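The values are calculated or read from the model by the stated rules, or taken from the named source; none is laboratory data. Predicted, not measured: the structure shown is a model, and the values here were computed from it. Note that we place each Cβ from the backbone using ideal geometry, even for glycine, and neighbour counts take in every protein chain shown. Accessible surface areas use protein heavy atoms only, side chains included; no ligands, DNA or RNA. Shrake-Rupley method; radii C 1.70, N 1.55, O 1.52, S 1.80 Å.
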Amino acid sequence: GVGLASMLVGSLFSLCAWRFKRVLAYSTIAQYGYVLVLVGLGGAGAPLYVLAHGLCKAALFLTVGAVTHATGEESLEKVGGLGRALPGLAGASAVAAAGLAGLPLTLGFFKDELFFRALVERGGAWSAAGVLGAALTLAYTGRLWTGLFLGAPRGARGHASWGLVAPVVVLGAGVLLGGVWLGPLNALADAAAECGAGDDVAAPT
């Protein structure tokens, strides 16, 4: 119940926030609500979920940092249409956003698959709550990315250096690689679970 409440409250706050980092910070509350639900339902899949979320969210935090560096702005109200000025950053962060939203061909797809499998085993009400959570995740992630990179250009003052964009590209590549070759990252999540909390919370192989 606490996990589901965190999902809902974090998602709503993220949808209402305007500062880049607040959007992401509130979304982190929501995402760790997912993890808490998984732990409450037995723990299977929680380590892989944390790993997938970490890759995606790190890329997005670095993205908004690069946007602030390039524009001097920190709010969605003051920027937009940056895809033309920052195409590499836009593309790499789109992959990270897709992963956070759990879209196919990303590592995030598998984290959501584990989440939904755990909920389906508990019945229709739990499944409905999961669908709502996924829809909210897509909404706040899409709002951030489209607000930054689509629409009429606003706030563009310069270009982000390659040193700022490259880490986002590397993390985005990891999100894509995990979407087609899950084994190594799943093994890493299993190993982390064994070291930290025992085999009972390891992601399924």
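Could you check how much of the accessible area of region 62-205 is carbon and sulfur, as a whole percent, using a 1.4 Å probe? Mind dumping the intermediate values first?
Numbers: 4640 of 6870 Å².
Carbon and sulfur atoms account for 68 percent of the accessible area of region 62-205.
Taking θ as phi - 60°, what are the ³J(HN,Hα) couplings along region 159-166 by the Karplus curve (6.51, -1.76, 1.60), each to the nearest whole Hz, with x for Gly and Pro?
10, 6, 5, 4, x, 8, 7, 4
Write down the accessible area per residue of the chain in Å², having rolled a 1.4 Å probe over the full set of protein chains. Spell out each step's value before the answer.
Values: 9290 Å² over 205 residues.
On a per-residue basis, 45 Å².
Among 1-11, 119-129, how do they line up from the highest to the lowest mean number of other beta-carbon atoms within 10 Å?
Numbers: 1-11: 17.3, 119-129: 13.2.
Ranked by mean Cβ neighbours within 10 Å, highest first: 1-11, 119-129.
What distance in nm separates the simple spin-label points at Ala128 and Val39, each placed 7 Å from Cα in the Cβ direction?
Going from the Ala128 label point to the Val39 one covers 2.8 nm.
Near the amide H of Ser75, under 5 Å away, which other amide H atoms are found, from residues 5 or more places off or on another chain, if H is placed in the peptide plane?
Result for Ser75 returns Phe20.
Using the Kirkwood radius over C-alpha pairs as Rh, can you work out the diffusion coefficient of region 13-116 via Stokes-Einstein at 25 °C, viscosity 0.890 mPa s, in µm² per second?
Values: Rh = 14.4 Å.
Rounded, D is 170 µm²/s.
Rank Phe109, Phe13 by accessible area, highest first, at a 1.4 Å probe radius? Intermediate results must be reported in sequence, preceding the final value.
Values: Phe109 80, Phe13 105 Å².
Ranked from most to least accessible, the order is Phe13, Phe109.
Which FRET efficiency value, to the nearest 0.05, do you get for Ser161 and Glu121 by plugging their Cβ-Cβ distance into 1/(1 + (r/R0)^6) with R0 = 45 Å?
The pair Ser161/Glu121 has a calculated efficiency of 0.40.
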